[in-house]
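*Asks:* First, the structure itself, so that you have it in front of you.
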Amino acid sequence: MLLALGLTTLLLGPCGPGEANVPAGPFLMGSDAGERAWAYRVSSPPVREARWFDDELARGRAALPSYCVDLQLVSQRDYQAFVRATGHRVPFISRENYQRQGFLVHGYEAGVTLYLWRQGSAPPALLDHPVVLVSVADAEAYCRWRWERDGVRRRLPSEAEWEKAARGADGRWFPWGSRWDARRLNSAERGPGTTTPVAAYPNGRSPFGLFDAVGNVFQWTATADPDGRQVLKGCAWDDERGLCRPAFRHGRPPASRHILIGFRCAGPAGE
């Protein structure tokens, strides 16, 4: 599968099948004034007025030890195997709880019901799409199950781990370079208006081979802001280009379950 997608065994190193090995070393993280100015310039008035990009980390050098990270988002099929093996709750949110979360964007009937599981099973047409409607606790439970199943430590990636894997070490604006190309991801500009299979955009892979580093769905990280909100990275299928940069970040309560939020797992290399 990986070789068919054009990836080499060198990419895996001490990591398992379906994972990228991100080597130890420094990388450029965050955004500078020029990148943020571009993002505001191409964004809609509501995004500019809300100053969405002011919370991005300032551009600087960071360093990490080597680690492994999933090449693809956790799919509905992957999560279904976890639910059936453990009895963990299925991805779900009631209409009342969805409305109580406050950041609706899409109505419950028109947007959420498509992704609801029925009789303990994922929507058949979406098995290869990213799982959504999962909280931080749900995502962490899935990664722990992978740890117990495979014998290698897995968890949510930190914000820094996610960002290095998504953009490489050179500070590029997008996973593929520093020039916007809407053909390389599932976003509002060229996407179908819903999630897509987790390997649908091979031309949008990051330098370390990650699919959907931006686009398709936002992704939980293990990092929390001082206000208690969990950091989300990436962007979703209904987002405009200014948000679809690895430097972009925002937070949501960790108990949130939304149709625009999924995740992938990470962990130490060689363990």
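*Asks:* For residues that are of a type in the set (S, T, N, Q) and surrounded by fewer than 16 Cβ atoms within 10 Å (Cβ to Cβ), scanning just segment 108-135, find the one that is farthest from the chain's Cα centre (by Cα).
*Replies:* Only one residue fits best here, namely 119.
*Asks:* Within segment 170-186, which residues are over 13 Å from the mean Cα position of the chain (by Cα) and buried (at least 18 other Cβ atoms within 10 Å of the Cβ)? It would help to see each step written out before you state the result.
*Replies:* Taking segment 170-186 and keeping what is over 13 Å from the mean Cα position of the chain (by Cα), we get 170-174, 176-184.
171, 172, 173, 174, 176, 180, 184, listed by residue number.
*Asks:* Report every pair of residues separated by at least 6 positions or lying on different chains whose Cβ atoms are under 8 Å apart, first residue within segment 26-48 and farther than 17 Å from residue 175 by Cβ and without any contact (Cβ under 8 Å) to a residue 60 or more places away in the chain, second assigned to a strand (DSSP E or B) and hydrophobic (A, V, I, L, M, F, W, C).
*Replies:* Final answer for the pair search is 32/58.
*Asks:* Output yes when any residue across segment 73-81 is in a loop (DSSP other than H, G, I, E, B) and either in contact with a strand residue (DSSP E or B) (Cβ under 7 Å, 6 or more places away or on another chain) or β-branched (Val, Ile, Thr) (or both), and no when none is.
*Replies:* Checked against the condition, which is being in a loop (DSSP other than H, G, I, E, B) and either in contact with a strand residue (DSSP E or B) (Cβ under 7 Å, 6 or more places away or on another chain) or β-branched (Val, Ile, Thr) (or both), segment 73-81 yields at least one hit.
*Asks:* Counting only residues that are touching a Cys at 6+ places or on another chain (Cβ under 6 Å) and modelled with pLDDT under 95, how many does segment 151-209 have?
*Replies:* 0
*Asks:* Hey, another quick one. If we keep just the residues of segment 86-107 that are in a helix (DSSP H, G or I) and either touching a Leu at 6+ places or on another chain (Cβ under 6 Å) or basic (Lys, Arg) (or both), which is surrounded by the fewest Cβ atoms within 10 Å (Cβ to Cβ)?
*Replies:* The selected residue is 100.
*Asks:* Restricting attention to segment 240-255, report how many residues are surrounded by 21 or more Cβ atoms within 10 Å (Cβ to Cβ) and in a loop (DSSP other than H, G, I, E, B).
*Replies:* Selection size over segment 240-255: 5.
*Asks:* Continuing with the same structure: Out of segment 243-264, which residues are in contact with a Pro (Cβ under 8 Å, 6 or more places away or on another chain) and within 15 Å of residue 185 (Cβ to Cβ)?
*Replies:* Selection gives 246, 262.
*Asks:* Could you list all residues from segment 151-197 that are in a strand (DSSP E or B) and not basic (Lys, Arg)?
*Replies:* Result: 174, 177.
*Asks:* Which number in (1) modelled with pLDDT of 95 or more; (2) under 29 Å from residue 204 (Cβ atoms); (3) of a type in the set (Gly, Ala, Ser) marks the one condition that residue 121 misses?
*Replies:* If we test residue 121 against (1) modelled with pLDDT of 95 or more; (2) under 29 Å from residue 204 (Cβ atoms); (3) of a type in the set (Gly, Ala, Ser), just (2) comes out false.
*Asks:* Additional query: All but one of (1) touching a Pro at 6+ places or on another chain (Cβ under 7 Å); (2) outside any strand (DSSP E or B) hold for residue 49; which doesn't?
*Replies:* Going through the list (1) touching a Pro at 6+ places or on another chain (Cβ under 7 Å); (2) outside any strand (DSSP E or B), residue 49 breaks only (1).
*Asks:* Under the condition of being in contact with a Leu (Cβ under 9 Å, 6 or more places away or on another chain) and in a loop (DSSP other than H, G, I, E, B), which residue from segment 198-211 is surrounded by the fewest Cβ atoms within 10 Å (Cβ to Cβ)?
*Replies:* 199
*Asks:* State all residues of segment 189-241 that are farther than 23 Å from residue 113 by Cα and among the aromatic types (Phe, Trp, Tyr); if no residue qualifies, say none.
*Replies:* Of everything in segment 189-241, those that are farther than 23 Å from residue 113 by Cα and among the aromatic types (Phe, Trp, Tyr) turn out to be 201, 208, 211.
*Asks:* Kindly indicate which of 152, 132, 214, 136 is aliphatic (A, V, I, L, M), on the phi < 0 side of the Ramachandran plot and in contact with an Asp or Glu (Cβ under 7 Å, 6 or more places away or on another chain).
*Replies:* From the options 152, 132, 214, 136, the qualifying one is 152.
*Asks:* With the checklist (1) closer than 26 Å to residue 267 by Cβ; (2) in contact with a Lys or Arg (Cβ under 9 Å, 6 or more places away or on another chain); (3) crowded, with 17+ Cβ neighbours inside 10 Å; (4) not small (Gly, Ala, Ser) in hand, flag the one item residue 53 doesn't pass.
*Replies:* Evaluating residue 53 over (1) closer than 26 Å to residue 267 by Cβ; (2) in contact with a Lys or Arg (Cβ under 9 Å, 6 or more places away or on another chain); (3) crowded, with 17+ Cβ neighbours inside 10 Å; (4) not small (Gly, Ala, Ser) leaves (1) as the failure.
*Asks:* Count, please, the residues in segment 192-202 that happen to be in contact (Cβ under 8 Å) with a residue 24 or more places away in the chain and touching an Asp or Glu at 6+ places or on another chain (Cβ under 8 Å).
*Replies:* 4
*Asks:* Across segment 23-35, which residue is surrounded by the most Cβ atoms within 10 Å (Cβ to Cβ) among those that are of a type outside the set (A, V, I, L, M, F, W, C) and over 14 Å from residue 180 (Cα atoms)?
*Replies:* 31
The values are calculated or read from the model by the stated rules, or taken from the named source; none is laboratory data. Because the structure is predicted, anything quoted here is derived from the model rather than measured. Every residue, glycine as well, gets a Cβ built from its backbone with ideal geometry; the counts of neighbours run over all protein chains shown.
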